[in-house]
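The values are calculated or read from the model by the stated rules, or taken from the named source; none is laboratory data. The structure displayed is predicted, hence computed values, not measured ones. Cβ placement follows ideal geometry from the backbone for every residue including glycine, while neighbour counts extend to all protein chains displayed.
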Amino acid sequence: MSAPLAAGSSVAERNGAADRSVVDESTAVELQTGADGAGNDNGKLNAQRDAPVGGQAVLEGVMMRGVAHWAVAVRKPTPEQLEQEDREEGGSPIAAEGEIEVSTFPLTSSLQRHRALRLPIVRGVVALGESMAIGFRALGISANAQLPPAEDGADEDDSQQEISGGVWAGTVIVALVLAIGLFFVIPVGLTSLIKGQLHSSVLFWVIEGLVRTAIFLGYMFLLSRLRDLRRVFEYHGAEHKTISCYEAGLPLTPANAQRFTRLHPRCGTSFLLVVMIVAIFVFAPIGLPAWYWLVITRILGVPVIAGISFELIKFAGRNRRRRWVQIVMWPGLKLQLLTTREPDLDELAVAIAALEAVLALETPGELSAADLMGVEVVA
């Protein structure tokens with residue numbers, strides 16, 4: 001279900017003005033400043049508690065998910081903006097200035113229904129698959145929210161044109177094929193070209209791992225340079241700040257959330273870097289079989305690598321206070337500087353609206369261990 005929340009900047013004023021200058025330091029007992037050597041923003045706060053909530057940036061909005069519900073909050077364009085033929089100014093996307101529309105949905109994870117799926121590594125693969133499905137559905141909702149009303153055949157004045165489900169299904173398939181090909185098939189293919197000169201399986205998987213990581217880092221750098229993604233990265237930062245504010249136990253207001261670092265130890269960006277590194281060790285025992293076996297193992301090994309990486313990233317989130325964990329996660333946090341940007345108060349209001357829609361239906365802190373078993377969420 002969906003409902004408009006407010007219009008324009010009044011959302012930020014309503015949520016932030018009353019508490020704009022008040023962040024009780026006695027309440028923030030589990031906070032530390034970001035200048036701690038862990039890759040955080042200088043002068044920003046960093047929550048020290050892990051909560052079973054996560055999210056994802058979408059087009060002009062944020063998706064938040066809890067244990068049993070998920071929600072998407074999207075800032076819609078105004079009628080005046082929809083009338084513009086080109087919504088870009090100077091090469092940069094223009095911010096939507098309309099009301100916030102919030103849609104909430106129930107979430108019934110297969111992890112809660114089948115005990116066998118709760119096993120370590122297996123639960124990570126299942127949870128990631130479910131997260132991807134929700135993520136693409138949320139992207140579809142946000143994309144449809146940016147479209148103008150249907151011109152012909154609309155039953156209601158607010159009916160909108162929609163991107164079909166088939167288009168999004170095709171997008172998911174193409175994205176998965178490209179990701180596996182770019183980060184797993186191409187690296188092993190390139191390294192196989194010099195396989196005869198290496199004469200060492202150890203040297204082969206080290207070089208393959210370096211090539212894979214280099215391709216990944218280059219890909220992330222290129223994404224960070226795309227102007228069209230700037231606002232998505234800002235909403236990504238808003239998502240992280242909002243989750244950290246909730247994890248710290250502070251009131252969810254734009255002013256409070258703004259004080260937190262935009263980096264988070266459970267971020268999907270950090271997760272992907274962990275995947276690149278874990279892959280090196282997973283493929284090491286395979287040795288140097290024929291090239292086609294190398295390619296097959298790289299494709300079939302993706303779920304195993306994802307499951308192991310998922311367990312590691314969740315462990316880091318739960319143990320973020322440990323110094324050695326901060327050191328290990330430092331590269332992933334630094335990488336988030338490419339995929340997040342500092343959000344403004346209006347963007348934070350959207351992220352807060354999404355999280356509040358989830359919290360209105362459930363209270364993660366009061367759930368039992370049985371409720372949370374196997375439910376893993378990446379921020």
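Overview of values
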| read-out | value |
| --- | --- |
| Segment 213-223, subset surrounded by fewer than 16 Cβ atoms within 10 Å (Cβ to Cβ) and not aromatic (Phe, Trp, Tyr), residue nearest to residue 60 (Cα to Cα) | 223 |
| Conditions (1) of a type in the set (Phe, Trp, Tyr); (2) without any contact (Cβ under 8 Å) to a residue 40 or more places away in the chain; (3) more than 25 Å from residue 340 (Cα to Cα): number failed by residue 283 | (2) |
| So residue 352, is it in contact (Cβ under 8 Å) with a residue 24 or more places away in the chain, buried (at least 24 other Cβ atoms within 10 Å of the Cβ) and not small (Gly, Ala, Ser) | yes |
| All positions within segment 261-310 that are closer than 20 Å to residue 217 by Cα and either small (Gly, Ala, Ser) or outside any helix (DSSP H, G or I) (or both) | 262, 263, 264, 265, 266, 267, 268, 270, 279, 306, 309 |
| Conditions (1) in contact with a Lys or Arg (Cβ under 9 Å, 6 or more places away or on another chain); (2) in a helix (DSSP H, G or I); (3) over 20 Å from residue 240 (Cα atoms); number of the one not met by residue 329 | (3) |
| Breaking point among (1) over 16 Å from the mean Cα position of the chain (by Cα); (2) at pLDDT 75 or above; (3) surrounded by 11 or more Cβ atoms within 10 Å (Cβ to Cβ); (4) part of a helix (DSSP H, G or I), for residue 169 | (2) |
| Residue list for segment 174-206, filter: among the β-branched types (Val, Ile, Thr) and surrounded by 13 or more Cβ atoms within 10 Å (Cβ to Cβ) | 180, 185, 186, 188, 191, 206 |
| Selection count, segment 244-260, where residues are on the phi < 0 side of the Ramachandran plot, of a type outside the set (S, T, N, Q) and assigned to a loop (DSSP other than H, G, I, E, B) | 5 |
